[in-house]
1. When you go through 88, 172, 163 one by one, which is the residue that is more than 26 Å from residue 251 (Cβ to Cβ), at pLDDT below 85 and touching a strand residue (DSSP E or B) at 6+ places or on another chain (Cβ under 6 Å)?
2. Can you tell me which residue in segment 165-213 is surrounded by the fewest Cβ atoms within 10 Å (Cβ to Cβ), limited to those that are assigned to a loop (DSSP other than H, G, I, E, B) and within 22 Å of the chain's Cα centre (by Cα)?
3. Going through segment 325-354 one residue at a time, which ones are under 20 Å from the mean Cα position of the chain (by Cα) and either at pLDDT 95 or above or part of a loop (DSSP other than H, G, I, E, B) (or both)?
4. Within segment 93-147, considering only strands (runs of 3 or more DSSP E) that don't extend past its boundaries, which have at least 1 residues that are free of Cβ contacts under 8 Å to residues at least 40 places away in the same chain?
5. Filter segment 90-102 down to the residues that are over 25 Å from residue 69 (Cβ atoms) and under 21 Å from the mean Cα position of the chain (by Cα), then identify the one that is surrounded by the fewest Cβ atoms within 10 Å (Cβ to Cβ).
6. Taking the condition of being closer than 15 Å to residue 69 by Cα and in contact with a strand residue (DSSP E or B) (Cβ under 6 Å, 6 or more places away or on another chain), how many residues in segment 204-227 meet it?
């Protein structure tokens, strides 16, 4: 099946990050070090793009390491609160997991840390999640037409797909150096935004020289030669895993919760709620690398799930302290508070808007005028 056309492949090729429930711990940063540059036949950027578009993946297993160094200030006030440490881990540190893939209806990932393991498995229409720390599992049955899982995390292939979608005249596409990733020779495809308002310096996608599958995905911030975000295989096997890898055998004493049936898919032509198209209070300004997401949101309510008129609770109080510590800014667009990192900026205006993007604060101020 085509890697870029099959969403299950894209989401399960290398489970990680930006929307994944990462667990602290994992391998050292040194695991990303590449070997000596291999001698590979020359390939143009156009040829590599075609290789990626036409690549096929029937099965694989492997170990993946993700590292994020977004340069954000400490999330003071959330430490010690429920979920605070996991929130912090989403934007910093190094994390490791294992993944198995044997087609769109057989998928498994395991996230391991010093406190335990979390597994997500799909075997046909059965979907299981399990936490060793709680010794608890949940199960649901997909309908006959069920395909992808909304619980499948983002992947380098998924990230590559989105990055490639941004290719337009504002993007320079070149070929980088050949390298070795997880013991395999790779070509490097480099995407460079031309718009100075983007905080992204380059996106580098390492493609397996034989399978044409992304094995490493890196994002470099403007002004830096080191990745602010990267995810890569440290070990990969392109043989289809045995069927036993996708069978869930509940451990002794495990508490199993049966969930309502649902396919977990986004309806055809739709995106998950919150991405803009399906919510009247969310919109986008601009295109490509300098797209800005604009939303009207109750930040405290969103953090706690509290409805208007309900008590906010300790989590909202902690979040309020965090927001109160952000830099105060103002201009002809209004006033508010600003959060900046290496790759993105977030503006929370006093009139209840949130603007975010992989852009400079100045780009957010411009979008806030609309």
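1. Values: 88 fails: touching a strand residue (DSSP E or B) at 6+ places or on another chain (Cβ under 6 Å); 172 fails: at pLDDT below 85.
Being more than 26 Å from residue 251 (Cβ to Cβ), at pLDDT below 85 and touching a strand residue (DSSP E or B) at 6+ places or on another chain (Cβ under 6 Å) holds for just one of 88, 172, 163, which is 163.
2. 167
3. As a first pass, look at segment 325-354 and keep what is under 20 Å from the mean Cα position of the chain (by Cα): 339-346.
Correct list: 341, 342, 343, 344.
4. Numbers: elements: 106-113, 116-123, 126-131, 136-141.
Counting at least 1 such residues, we get 106-113, 116-123, 126-131.
5. 100
6. Keep residues of segment 204-227 that are closer than 15 Å to residue 69 by Cα, which gives 217-227.
Still in the list and also in contact with a strand residue (DSSP E or B) (Cβ under 6 Å, 6 or more places away or on another chain): 217-222, 227.
Qualifying residue count, segment 204-227: 7.
Residues checked against (1) surrounded by 12 or more Cβ atoms within 10 Å (Cβ to Cβ); (2) part of a loop (DSSP other than H, G, I, E, B); (3) modelled with pLDDT of 95 or more:
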position	(1), (2), (3)
215	yes, no, no
219	yes, no, no
244	no, no, no
249	no, yes, no
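The values are calculated or read from the model by the stated rules, or taken from the named source; none is laboratory data. Just so you know, these numbers come straight off a predicted model, no measurement behind them. All Cβ positions, even for glycine, are placed from backbone atoms using ideal geometry, and neighbour counts span all protein chains on display.
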